[in-house]
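To start, the structure itself, in structure tokens.
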Amino acid sequence: MTATTAAQCAPAPNPDEAYQQALQLTLQLAVGYHRADRLQEAEQLYRDILQGAPEHAEANHNLGILLLEIDQPAAGLAYFEAALAAKPESQRYWLSYIDALIRADQRALARERLAFAREHGLEGDAVEALAAILDAGQPAVTPSGAERQFSS
């Protein structure tokens, strides 16, 4: 069998698999830009991903993080909510969402969401730091650098 014949006999790539691979590569590129503080490029790539896959948890979360970093916490809330809708078991997504609520001066809702998340197993030092911020009425400060914990 020649190479040409073998290539002709090979099954066609699954379009869904190819699409998922393209999304993953785009996400990796976006995260690279994000880590390099090339925020405009990162934001555009996150939005490109979300245009084709609006439920993409990681792209939603990372875009929310980016918006926190440029001091637009209220704009990031919808992205954190979408990330949580897609992956409600993610502790990182809950921490980012509650932090964004505090920064967006939505402390009552932050308290509600924190209590809900704790009832469903959210725990740890970062959770306690957010609770202390809420209890003390302090300005929002992301505990343990949580804002830079984007996923790829």
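Assorted remarks:
- Restricted to the range 27-56, and to residues there that are closer than 21 Å to Glu89 by Cα and without any contact (Cβ under 8 Å) to a residue 60 or more places away in the chain, the residue that is least open to solvent (accessible area, probe 1.4 Å) is Ala53.
- Residue identified as open to solvent by 10 Å² or more (accessible area, probe 1.4 Å), under 18 Å from Arg47 (Cα atoms) and assigned to a helix (DSSP H, G or I) among Ala108, Ala82: Ala82
The values are calculated or read from the model by the stated rules, or taken from the named source; none is laboratory data. This structure is a prediction, so every number in the text was calculated from the model and none was measured. So basically every Cβ, Gly included, is an ideal-geometry build from the backbone, and we count neighbours across all protein chains shown. Quick note on the areas: whole protein, heavy atoms, side chains included, nothing else; ligands and nucleic acids left out. Shrake-Rupley method; radii C 1.70, N 1.55, O 1.52, S 1.80 Å.
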